[in-house]
Amino acid sequence: MKLVLAPMEGLTDPIMRDVLTHVGSFDWCVTEFIRVTDSVLPDHVYHNYCPELLHDGKTAAGTPVHVQFLGNNPEMLAANAIRAVELGAPAIDMNFGCPAKTVNRHRGGSVLLDEPEVVHMLVKAVRDAVPSHIPVSAKMRLGYMDRNFTLENAHAIEDAGAAWVTVHARTKAEGYTPPAFWDQLQPIREALKINVIANGEIWTNADAKQCRVESGCEDLMIGRAAVTTPDITQCIRKNTDEPLISWDELLALQIRFLNGPYKKEINMVGRYKQWIGMMSKHYPEAKMLWDEVKRVKRLDEIIEKLNTTKR
Ligand SMILES: Cc1cc2nc3c(=O)[nH]c(=O)nc-3n(C[C@H](O)[C@H](O)[C@H](O)COP(=O)(O)O)c2cc1C
């Protein structure tokens, strides 16, 4: 069973990937989407999104990081994919799932699921451009406003030469409102020869098991749950719903996160609060910590607070 850390813009950035792959056992992660319009992006943009490129395309824990692109210009997507591979990307993923209005308005992300022939053209352009040993994959939803083209899109991705497809088991219209329709992945899996990775609303080991039964998919991509409960991959692999990481270990992870190579202190404080806010849904200790740090603006104050909380 493969477990993949989901791309999440503003959430699974390089610092979070470092922390989550340090504790979790992911087969690979995917960068936040890199938007391609009409140029080949300069190297510093790649190194911002994916500093792991400077380290053999892997996080410090040794987990490969695939580079994800979003766009609708086949030549530019191909040229950027070539550049990413030259810089050390071990694989390229293409985003056909993003629901953001601004992105969709510019014909990027999930809106392209209404045009399976465009999906095919874009994946093929990238597949043809990069060396054959570099996997090209795609991530899609069940559809944009409806599920009329689910199978067409899946076939378009396969026929374009993708090595696998990850499917978030909802349409764009369904957004992030539970449930995810894991059973809707079954026909896709049955129709394709390439691997289908299931994604959406897997929060616990029990969910992972249920998703695998309903979808028939072996492999899973985990997003928000990896941030909320960083031991989820261990729980899935060991088939338990009991926590496998202590609060003290989680505090050590938080300190690792806060010591990460941030650019602006205020952004990092915000990111940390976002994370502790997500964790407080699950850990009572995180809820208490949230109450203590919510008004703190300085990173060193937060780190000190964590160090004193640590037993
Ligand atoms: C804050 C946020 C940002 C996201 N950014 C991306 C992205 O950059 N690329 C992408 O393909 N999906 C993105 N997604 C979708 C996730 O990869 C995933 O498909 C979705 O969260 C469902 O999985 P989950 O229920 O395990 O979180 C994002 C989701 C969230 C919540």
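The values are calculated or read from the model by the stated rules, or taken from the named source; none is laboratory data. Given the structure is predicted, the values throughout are model-derived calculations rather than measurements. Note that we place each Cβ from the backbone using ideal geometry, even for glycine, and neighbour counts take in every protein chain shown. For accessibility, only protein heavy atoms count, side chains too; no ligands or nucleic acids. Shrake-Rupley method; radii C 1.70, N 1.55, O 1.52, S 1.80 Å.
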Check your understanding: Per residue, how much accessible area does the stretch 1-136 show when a 1.4 Å probe rolls over the protein heavy atoms, in square angstrom?
Key -> 38
Check your understanding: Expressed as a whole number of Å, what is the distance separating the alpha-carbon centroids of the stretch 72-134 and the stretch 269-286?
Key -> 33
Point to revise | Calculated on alpha-carbon atoms, Rg and Dmax of the stretch 136-241 in Å | key: 13.5, 39
**Study point:** Eligible lysines near Lys305 by straight Cα distance, threshold 17 Å, same-chain separation 8 or greater
**Key:** Lys273, Lys287, Lys294, Lys297
Practice item. Round to the nearest 10 and give me the degree value, 0 to 90, for the angle of helix 247-258's Cα axis relative to the longest principal axis of the chain. Key: 70
Point to revise | Using alpha-carbon coordinates, inclination of helix 150-159 to the longest axis of the chain, degrees | key: 80
Revision key, fill the gap. If every Lys and Arg gets +1 and every Asp and Glu gets -1 at its Cβ, then about the Cα centre the chain yields a dipole, in debye to the nearest 20, of 760
Review point. Based on the alpha carbon coordinates of the chain, what radius of gyration and maximum Cα-Cα distance (Dmax) apply, in Å?
Key: 19.2, 58
**Study point:** Spin-label model distance (nm) - Asp248 vs Asp291, 7 Å beyond Cα toward Cβ
**Key:** 2.4
Revision key, fill the gap. Rounded to the nearest 10, the angle in degrees between the Cα long axis of helix 74-87 and the longest principal axis of the Cα atoms of the chain comes to 50
Review point. Between Ala60 and Leu151, what is the spin-label point distance in nm, taking each point 7 Å from the Cα along the Cα→C-beta axis?
Key: 4.9
**Study point:** Among 43-55, 68-80, 288-300, the order from most to least packed when residues are scored by Cβ within 10 Å on average
**Key:** 68-80, 43-55, 288-300
